[in-house]
1. Taking a temperature of 37 °C and a viscosity of 0.692 mPa s, what whole-number D in µm²/s does Stokes-Einstein yield for the stretch 154-223 with Rh from Kirkwood over alpha carbon pairs?
2. What is the sum of charges, Lys and Arg at +1 and Asp and Glu at -1, for the other residues whose Cβ falls under 10 Å from the Cβ of Asn230?
3. Quick one: Thr84, Thr143, fewest Cβ neighbours within 10 Å first, how do they rank?
4. Apply the Karplus curve 6.51 cos²θ - 1.76 cosθ + 1.60, θ = phi - 60°, to the phi angles in the stretch 135-143 and return the couplings in whole Hz, x for Gly and Pro.
5. Among the listed pairs Lys207/Lys296; Lys48/Lys283; Lys48/Lys78; Lys268/Lys296; Lys191/Lys283, give every one whose C-alpha distance is greater than 27 Å.
6. Over what distance in Å are the Cα centres of the stretch 24-66 and the stretch 216-254 separated?
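FYI, it's all coordinate maths here, none of it is from the lab. These numbers were taken from a predicted model, which means no experiment stands behind them. Virtual Cβ from ideal backbone geometry, glycine too; neighbours counted across all protein chains shown.
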Amino acid sequence: MKKQAVAAGFVLFSFMLPTKALAVSFDRLYVFGDSLSDTGNIYNATGKTFPLSPPYFEGRFSNGPLWVDYLGDQLGLKPTLYTTLPSTPATQGINFAFGGASSGSGNAVVPNPSLPGVLQQVLGFAGNLQANNQTADPNALYTLWGGGNDFLFLNPEDSTTPISNISLALNTLVGVGAKNILVFNLSDLGKIPAATIDDRNPTTLSKSTSEFNLGLAQNVNALSQNPNLNIIAIDTFSLFNQASALDFTNVTESCLSRLDICNPANNKFLFWDDFHPTTAAHKLVADAALAAIEAKSVPEPSINLGILALSAFGAVGVLKRQQKRSAVRVIDAQFSHITVKN
């Protein structure tokens, strides 16, 4: 019950703070991750064929803007896509995220060695700084979210590898001078629509999610002891588990599997397709991130809010109830047929 109370409190707290006129400001936004954060890199790399738009929104794996779009709007920052460099000046940061990125090197979905995994994105960023005798901008905000593709497409039982990769990515950012870092854990992969298709096991995915979140939390907590760092942990696991209490009326099916009631403006579904959240869910994530950022920048009025402001990776129970519905897959699984243009 205590864990449930903390999780519920976290979600409520994320809406207690204003999403405008933040007390903190950042001069740039750097994004590392996979399809949850990719605002067009894989779309550009595949000749604007993946994801198919429409029904996907402007190269994003959702029906509208992603959390990073909403966050950027609130911060007044629009990072340049990695795939549009150097033609587009990166004056407000860079989005390095690629849909399908593994936690380490390469892509778990699109078979092309030139597409970087999450750790590879961070190492490339850090390597470029070091090659030019530079350090990371201490006034920028860095975001790190990945690991899910390893469980969904590579090895559902291996939590050690993604824990190691994402933790190394985080430590690498710190090592080159990043001071303000948003770190996201994973929502319960055993509860997404894709958990019941392609011979996946929801219980295994839930167990691996919990192991990953606990392992990542240990690294985050260790770094958080450094007073010179501003490590902000976003507990998407708890956030998505509370979605049904936040006006999402369907948290088990994808909107695209219910074409009888689904439309791009539908904000009642938690999931847009079998793997990805709707834009309404992304807005929820952005609101939580903004609240956590604000909480780190102002004095805490009570010990309870202080605990919530840490956005601790709590609520890591294992899903025991398997879904018994007949899932409808709406995404073409033949990713190997995609022609990637370098």
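1. 251 µm²/s
2. The answer is +2.
3. Starting with the residue having the fewest Cβ neighbours, the order is Thr84, Thr143.
4. 10, 5, 4, x, 9, 8, 9, 10, 10
5. Among Lys207/Lys296; Lys48/Lys283; Lys48/Lys78; Lys268/Lys296; Lys191/Lys283, the Cα-Cα distance tops 27 Å for Lys207/Lys296; Lys268/Lys296.
6. The stretch 24-66 and the stretch 216-254 have Cα centres separated by 21 Å.
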